[in-house]
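Remarks on the structure that follows.
Nothing in this text is a laboratory measurement; each read-out follows from the coordinates by a stated rule. Please read all numbers here as calculations on a predicted model, not as lab measurements. In this analysis, Cβ positions are derived from the backbone assuming ideal geometry, glycine residues included, and neighbour counts consider all displayed protein chains.
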Amino acid sequence: MKQCLMIMVKLCTSKIYKSHLQGKHTSHSYSCFSILNYGGFYHEARQPFGSLLFFNEESLTPQQSQTYISNIPMASLILPLTGNIDCSLHTDTYSIDAEQIQFLKLETGNFYTIKNTLYNNPVSYLHIGIKENIKESVTDTIFLERMNTLSPLYDYTIHTSMKAYIGAFNCFAEDMYTLKQKDSGVFIYITSGIFKIKNRQLEQGDAFSIRDINDITFEALAPNSALILMELPLNSF
């Protein structure tokens, strides 16, 4: 009798989001570059990644503001890349700079506003939406523990199912991230420089997502390269 040997191979699924293919919205005072579907930008390949609803890099000219509305209960994360901004929700205003991160607890129908507080310079910031029920809005400080390794993006007393990290790397420095939870995936955004991830080259403004893995290794290919890595549950939709 012939015997059949079946070998199950688990294949990872990855996707690259190149910066020149992002959704773009610009006006005289505001610009928005969207990696995932957002506002009037839609593409079948740019659906939410697990609990990550949207991931934007936005900018405002001096003393200008932008108002948003939440369509579902969620958390909004705002990270200034340059300058200082005010984040306003209800009667509260949170002032943050490029070394801080702001979590906003949002319910359906909530309006919130981001304002450039500078008089002479534009500001840019990351505006991220996750399907998450955080306890309250909170401001935290971003602290890079050391070069060439990942550091937590925020204090984990801010309870989220997402795990997020930030890292700055010298040229040719490598690091590896091991996933902490089952049924989760990894989303990486290149804030500066160049990285090699899974034999793919990603530059500033590019992003990368992958699922069905246990760990992921990356290498910086330029000086002063930096990234944000997020481990996200994939069963949110």
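General remarks:
- Amide hydrogen neighbours beyond the local backbone of residue 204, cut-off 5 Å, H modeled: 193
- Eligible lysines near residue 135 by straight Cα distance, threshold 20 Å, same-chain separation 8 or greater: 105, 163
- Residues of segment 32-53 with amide N under 17 Å of a point placed 7 Å along Cα→Cβ from residue 198: 36, 45-52
- Treating r as the C-beta distance of residue 63 and residue 183 and R0 as 41 Å, the FRET efficiency rounds to 0.35.
- Across segment 22-179, C-alpha contacts under 8 Å between residues 6 or more apart give a mean separation that, scaled by the residue count, equals a relative contact order of 21 percent.
- Charge tally for residue 136 (other residues, Cβ to Cβ under 14 Å; Lys, Arg +1; Asp, Glu -1): -3.
- If the segment from residue 71 to residue 171 were pulled out straight at 0.36 nm per residue, it would be longer than the present Cα-Cα gap by 31.8 nm.
- A simple rule links phi to the HN-Hα coupling: the Karplus curve 6.51 cos²θ - 1.76 cosθ + 1.60 with θ = phi - 60°, which for segment 192-201 gives 7, x, 9, 10, 10, 10, 6, 6, 10, 9 Hz, with x for Gly and Pro.
- 3J(HN,Hα) from dihedral phi, segment 140-155, Karplus parametrisation 6.51/-1.76/1.60, rounded to Hz, x for glycine, proline: 9, 9, 8, 10, 7, 5, 6, 5, 6, 8, 7, 10, x, 6, 8, 5
- Table column - 3J(HN,Hα) (Hz), segment 126-135, Karplus curve with 6.51, -1.76, 1.60, x for Gly and Pro: 8, 10, 10, x, 10, 7, 8, 9, 7, 5
- Hits among aspartates and glutamates - C-alpha to C-alpha of residue 182 under 16 Å, sequence gap 8 or more where chains match: 212, 215, 231
- Cα-projected label distance for residue 235 with residue 120, points at 7 Å along beta-carbon direction, nm: 5.5
- Taking amide H positions as modeled 1.01 Å from N, with prolines and chain starts lacking one, the residues under 5 Å from residue 172 and 5 or more places away or on another chain are 220, 221, 222.
- Residue order, fewest to most beta carbons within 10 Å, for 69, 130: 69, 130
- Calculated log₁₀ intensity ratio I(q)/I(0) where the Debye formula runs over C-alpha points of the chain, q = 0.08, 0.14, 0.16 Å⁻¹: -0.30, -0.92, -1.22
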